[in-house]
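No value in this document is a laboratory result; all are computed from the given coordinates. This one's a predicted model, so the numbers in the text were calculated from it and none came from an experiment. Positions of Cβ are backbone-derived with ideal geometry, glycine not excepted, and every protein chain shown enters the neighbour counts.
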Amino acid sequence: MGSFQFRIPVRSRAIPPGSSALHLMAVKKRNTPTISGQDALARLRDGNRRFVADVRSSDTLPSRARRIELTAGQEPFAAILGCSDSRVPVEIVFDQGLGDLFVIRVAGNIVAPSQIGSVEFAAEQFGTRLVVVLGHSNCGAIQATLEQLQRPKENQSRNLHAIVDLVRPSVESLLATDLKHDLDALVDQAVRANIKASVNHLRHGSDIIEQLIQEDGLLVVGAEYSLKTGEVDFFEDAALVEERGARR
């Protein structure tokens, strides 16, 4: 990646003169949405376009003023459930700064009770109204699951096996198709199937999340990051997701 260019900040992050930490905490209730799910999605799209173009907003650069501001609390505008892969650093991929994103990372971007609880916490405590399940191309956890299904290892770590067991339901059926003869295509489709399964699990695995989707504009969408291009492909249009939630 080439040298970064810089843009004029979109929003000020400096602490206003005379402001105190207590004043900053009183500005907004923690459970009040900072921005809508659709606006949050647009912000992520814009940030990813900057990342792909090797352009970084100066507004996202860490600073002493921003660190001090965040001691009063956080108001992340989106929550990202992503893979632990070192090649997919979420804040960098979306060109966001300190305090912007509530990030949950786990191999295979799987959904277990701790991940659901973390999303509930972000949505209720901080008013976050966008949740993105972010998978990526050539995911090692997906490849490990496919290998285990095709050539089971008896001595596999029980902890790794727990991850495989959560990925298995979303990808197992693909092995019954012609994709089993094309490993690259199989992995590609398995990555997307796993993302969609995690999205569905989040949407329907929690009464709190379901209620926020139906009544308070929470969006839960899937996306895939390309290791080659750096682009993030969002699977569903936010307006469609929001409309679907309103009809339920």
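Order of 119-125, 173-179 by packing, highest average Cβ count within 10 Å first?
119-125, 173-179
What is the order of 204, 136, 181, fewest Cβ neighbours within 10 Å to most?
Final ranking by Cβ density, sparse to dense: 181, 204, 136.
In nm², what is the average projected area of the convex hull enclosing the Cα atoms of segment 113-192?
6.3
Quick one: Karplus J couplings for segment 117-129, per residue in order, coefficients 6.51, -1.76, 1.60, θ = phi - 60°, nearest Hz, x for Gly and Pro?
Working through the residues one at a time gives x, 5, 5, 4, 4, 5, 5, 7, 6, 10, x, 5, 10 Hz.
Sorting 71, 128 on the 10 Å Cβ count, fewest up front, what's the list?
With the sparsest Cβ surroundings first, the list reads 71, 128.
Ranked highest first by the average count of other Cβ atoms within 10 Å around their residues, in what order do 147-156, 59-68, 208-217 fall?
208-217, 59-68, 147-156
Amide H of residue 139: which non-local residues (sequence gap of 5 or more, or other chain) have their own amide H closer than 5 Å, using H built in the peptide plane?
The list, which skips near neighbours in sequence, is empty: none.
Read phi for every residue in segment 172-183 and hand back ³J(HN,Hα) as whole Hz from Karplus 6.51 cos²θ - 1.76 cosθ + 1.60, θ = phi - 60°, with x for Gly and Pro.
Those phi angles translate into 4, 5, 5, 6, 8, 10, 5, 4, 5, 8, 10, 4 Hz.
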